[in-house]
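The values are calculated or read from the model by the stated rules, or taken from the named source; none is laboratory data. Nothing here was measured: the structure is a model prediction, and the numbers come from that model. Don't worry about glycine lacking a Cβ; one is built from the backbone with ideal geometry, like all the others, and counts go over all protein chains shown.
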Amino acid sequence: MLASLSLILLCQLIGEAVVRGLGLPLPGPVLGLLLLLILLLARDRFALLAHGPLRNDGVETASKGLLAHLSLLFVPAGVGVVQKLDLLASHGVAIVLILAASVVMTLLVTVLTFRLVSRFVATRGCPMKDNPFSLWVYLSQSPLLWLTVTLLVYASTDAVSLATRRHPLANPVLHAMWIIGAFLLVTGTSYTTYFAGAQFVHFLLGPATVALAVPLYENRRRVVSSIVPMLVALVVGSVAAVVSVVLLAQLAGLPRDVVLSLAPKSVTAGVAMGIAESLHADPSLTAVAVILTGIMGAIIVTPLMNHTGVTDFRARGFAAGLAAHGIGTARAFQVDEIAGVFSGIAMSLNALVTSFLVPLVVTLLAR
């Protein structure tokens, strides 16, 4: 297990170094995912590589252990919403409605595009001891406390989610976020102090992204056969995600800086904040928009897909990953492994496409 985790971390480290060194517009863990996938594919051809962590499904076991708790890894970042309560008090209703509408549009456009192209390709036959107060002061400054709080609260909310058979409204990330956020407000604890402990959970997001290479490797034939609908749905869905939120925000009369901050809401926080900085928008508001988008997407996707009669888990997963990034991917894995695989692909590719698309859309549409 230790050797397997070390290999996953090494792939992430190499990815981070290459992205930083070359200035590539994509997350380092995504490049790490590709590196691990290449290693797994090479292992099939060269027996020499089937040693150490690549032997006896060691990496597969470690990766699936990480992915089984993917939702947990989004809780620390999600609690950061407490830093923007003043802005949410001013524009919260408009922002939530805009994000929800944009998520629904993005999900529908992406999943319908995927299905239409899949059918077209199929018909063409193409492959695809002090006093209590002083004790609290001591504990509240300890990273161990907030790490423990995060794990306990998430374990409780996840247990409720399981008891409700993963009902969309029992999303463990959503409920862990508000419970911990309320606890911080009641105790007067800053988000910075909380994150000092919870960062150990947040850090695992990188390795978990790299670990997506394993289910991708295991389902590689199905992925390759779906390459055409994925690429078309990627372009159409990415455009819908950005254009819809920019137009809706402008129709709602939101300030320009808020519109710019919402534009990259469908990609992972690190990429979205980088895009916001390049637009001279508010990266912290962007981070909040990313979290809210992910939560709403994870809640909406299953009932929306069921209501529209979409049973193709490839299309459902791809739409979830494109519209709701990592949180949508975590939800997809809870529903079906194939959905999770396609969601992870969409999340990764959308980060790259959106990096180029948002500045173009903002130039054309934002006033």
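When the criteria are applied in full, Leu292 fails the requirement of being surrounded by fewer than 23 Cβ atoms within 10 Å (Cβ to Cβ), in contact with a helix residue (DSSP H, G or I) (Cβ under 8 Å, 6 or more places away or on another chain) and not in a loop (DSSP other than H, G, I, E, B).
For (1) buried (at least 16 other Cβ atoms within 10 Å of the Cβ); (2) assigned by TED's automatic domain parsing to the domain that holds Val239; (3) touching a Ser or Thr at 6+ places or on another chain (Cβ under 8 Å); (4) outside any helix (DSSP H, G or I), each residue gets a yes or a no:
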residue: Leu24; (1), (2), (3), (4): no, yes, no, yes
residue: Asp44; (1), (2), (3), (4): no, yes, no, no
residue: Asn56; (1), (2), (3), (4): no, yes, no, yes
residue: Ala62; (1), (2), (3), (4): yes, yes, yes, no
residue: Leu73; (1), (2), (3), (4): yes, yes, no, no
residue: Ser90; (1), (2), (3), (4): no, yes, no, no
residue: Val103; (1), (2), (3), (4): yes, yes, yes, no
residue: Leu107; (1), (2), (3), (4): yes, yes, no, no
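If you go through region 249-272 and keep only what is closer than 19 Å to Leu322 by Cβ and either aromatic (Phe, Trp, Tyr) or buried (at least 21 other Cβ atoms within 10 Å of the Cβ) (or both), you end up with Leu262, Ala263, Pro264, Lys265, Ser266, Val267, Thr268, Ala269, Val271, Ala272. If you go through region 1-22 and keep only what is surrounded by fewer than 18 Cβ atoms within 10 Å (Cβ to Cβ) and closer than 20 Å to Met273 by Cα, you end up with Glu16, Ala17, Val18, Arg20, Gly21, Leu22. Residues that are in contact with a helix residue (DSSP H, G or I) (Cβ under 9 Å, 6 or more places away or on another chain) and at pLDDT 80 or above number at least 1 in the following helices (runs of 4 or more DSSP H) confined to region 121-187: 143-163, 172-187.
Do we have any residue at all in region 41-60 that's out of contact with any Leu (no Cβ under 7 Å at 6 or more places or on another chain), at pLDDT 85 or above and farther than 30 Å from Ala249 by Cβ? Within region 41-60 (the criterion being out of contact with any Leu (no Cβ under 7 Å at 6 or more places or on another chain), at pLDDT 85 or above and farther than 30 Å from Ala249 by Cβ), the answer is yes, since at least one residue qualifies.
For region 200-211, does any single residue satisfy the condition of being over 18 Å from the mean Cα position of the chain (by Cα), in a helix (DSSP H, G or I) and modelled with pLDDT under 95? No, region 200-211 contains no residue that is over 18 Å from the mean Cα position of the chain (by Cα), in a helix (DSSP H, G or I) and modelled with pLDDT under 95.
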